[in-house]
Every structure is written in structure tokens, then in C-alpha cells.
Amino acid sequence: MFGGNPLGAAVGRAALKVILDGWRERGWPELVLYCGDEPGSNAGLVPRLKMVKSWFPSIRLTTAGIEPDALGKYYDVWIQGEAGIDQRTMMKAEELGTEVWAYNCTAPNTNMPFARAFYGFWAYKTGVKGVAEWAYYDLPNWTANNRGETGGSPGSRHSRIVVSEGGPIPTISWEATREGIDDYRHAQMLRDLCKTAEGQHKKIAAL
């Protein structure tokens, strides 16, 4: 879509305009364009990123697995593997005014504690703005019958569900995600209650 030759660029620009116009007409949430896959510190991608921004200055760009010091300033959203999210990354993101999201593609779907923390207290503590696992279902040979008995191989074990005649069957990881989201909401509620209490304390102290 974003080829380097003039024809490829022209087609890419026209196609992207159609997508953006249709998106806005429908009133859908903001579109964030995934441009380049896991580029690391690949400076060869910079001309393409600048080209897209020159077409549509307001569009927000994202990708996964970048080196913040090398390409961070060209992206509005960084989707980093959870191992790449640390204090240095978050400080760099704040400096550049970008958002940091997190993804994981290594934890098996049997790892309940990881999934719960990933979507819960870990996400809250780090301050990331989005969290996602690699796949909802990426193993078409892993299925279950109507009694829930699985067949085939779970393979990489990244699928969050297994398909069956009666519909998707959640894994432990999928179930733990809900618990993690509840943890996140509880942390937000406690934060807000503390702010309210602090405000009330100041009012009472001023009497």
C-alpha cells in the first residue's frame, strides 16, 4: 500500500483516503494506522512514515516492537512487548507525547497469574494505555466437541479460546483477563476515592 515507486505511492494515498473518509462518515472511533511491522531501529522505514504524514498530517501512526530512541518520534502509539516496557520507555514516551500500549505473544493460555496481572495491576502500575494478547484464536487444528473435549494440538498455546460446535470455549487465560480488568477498575476506584478524601480533608482543614 505504501510502496516506494510513484504509482505505488499514488495508489496508497488514494486507498488510504477512501478508508479514512469512510471511517469518519460512519462515526467510528479514531483510526490508528499500523505502519511497518516490528521495525526495531530500521531507519529505512522513515521515508515511508514521513510520506504518510505528509498526506494526512492528523493521522496517528503505530507499530509494534520499536526502539524508542531510533523511531519513537515518528509514531504516536508504541505497541511494545511487555518485556520492553520499563521506566526508561515510559519516560521517553512522556517526553515525546506518545502513548504506550503493551502486547504479549509468549505466555501460554494456561498461565492464569500472568493474564490477570497483565490486564490488571501491572497495566495500572505501568500506566500503559492499551493491553492485548497475540491472538484470540490462531490454531485452526485445535477444536472441541459438544462435550468440551478437545482434539488436535494447542500448538503454541496462544489461542485464548478453543472452537466447538456449541461456540467458543474460553481458556484459563481468557477467564483470568476478566479478573484482571476487575482489578484494574478496583485500583481506579481506590485512586478516585483517595483523591476525593484528600479534597474533603483540605476543605475541613480550611474551616
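The values are calculated or read from the model by the stated rules, or taken from the named source; none is laboratory data. Please read all numbers here as calculations on a predicted model, not as lab measurements. In this analysis, Cβ positions are derived from the backbone assuming ideal geometry, glycine residues included, and neighbour counts consider all displayed protein chains. Surface areas here come from the heavy atoms of the whole protein model, side chains and all, with no ligands, DNA or RNA. Shrake-Rupley method; radii C 1.70, N 1.55, O 1.52, S 1.80 Å.
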In the set 137, 184, which member is in a loop (DSSP other than H, G, I, E, B) and of a type in the set (Phe, Trp, Tyr)?
-> 137
Which of the residues spanning segment 23-50 are surrounded by fewer than 16 Cβ atoms within 10 Å (Cβ to Cβ) and assigned to a helix (DSSP H, G or I)?
-> 23, 24, 25, 43, 44, 46, 47, 50
Could you figure out which of (1) open to solvent by 60 Å² or more (accessible area, probe 1.4 Å); (2) of a type in the set (A, V, I, L, M, F, W, C); (3) more than 22 Å from residue 63 (Cα to Cα) isn't true of residue 161?
-> (1)
Would a scan of segment 123-145 turn up a residue that is among the basic types (Lys, Arg) and either closer than 27 Å to residue 34 by Cα or modelled with pLDDT of 85 or more (or both)?
-> yes
Examine segment 112-120 for a residue that is free of Cβ contacts under 8 Å to residues at least 40 places away in the same chain and within 16 Å of the chain's Cα centre (by Cα), and state whether such a residue exists.
-> no
Within segment 21-57, the residues that are small (Gly, Ala, Ser) and either touching a helix residue (DSSP H, G or I) at 6+ places or on another chain (Cβ under 9 Å) or more than 14 Å from residue 71 (Cβ to Cβ) (or both) are 22, 27, 36, 40, 41, 43, 54
Residue list for segment 98-121, filter: open to solvent by less than 70 Å² (accessible area, probe 1.4 Å) and either in a helix (DSSP H, G or I) or at positive phi (or both) | 114, 115, 117, 118, 119
Every residue from segment 122-158 that is among the small types (Gly, Ala, Ser), more than 30 Å from residue 99 (Cβ to Cβ) and surrounded by 12 or more Cβ atoms within 10 Å (Cβ to Cβ) = 144, 152, 155
When residue 173 is evaluated against the numbered criteria (1) in contact (Cβ under 8 Å) with a residue 40 or more places away in the chain; (2) open to solvent by 50 Å² or more (accessible area, probe 1.4 Å), which criterion, by number, is the only one it fails?
-> (2)
Residue, surrounded by the most Cβ atoms within 10 Å (Cβ to Cβ), within segment 57-81, restricted to residues that are in contact with a Phe, Trp or Tyr (Cβ under 7 Å, 6 or more places away or on another chain) and assigned to a helix (DSSP H, G or I) = 68
The residue that is modelled with the highest pLDDT, considering only those in segment 146-169 that are more than 15 Å from residue 109 (Cβ to Cβ) and among the polar types (S, T, N, Q), is 164
From the option list 153, 159, 173, single residue qualifying as part of a helix (DSSP H, G or I) and over 30 Å from residue 94 (Cβ atoms) is 173
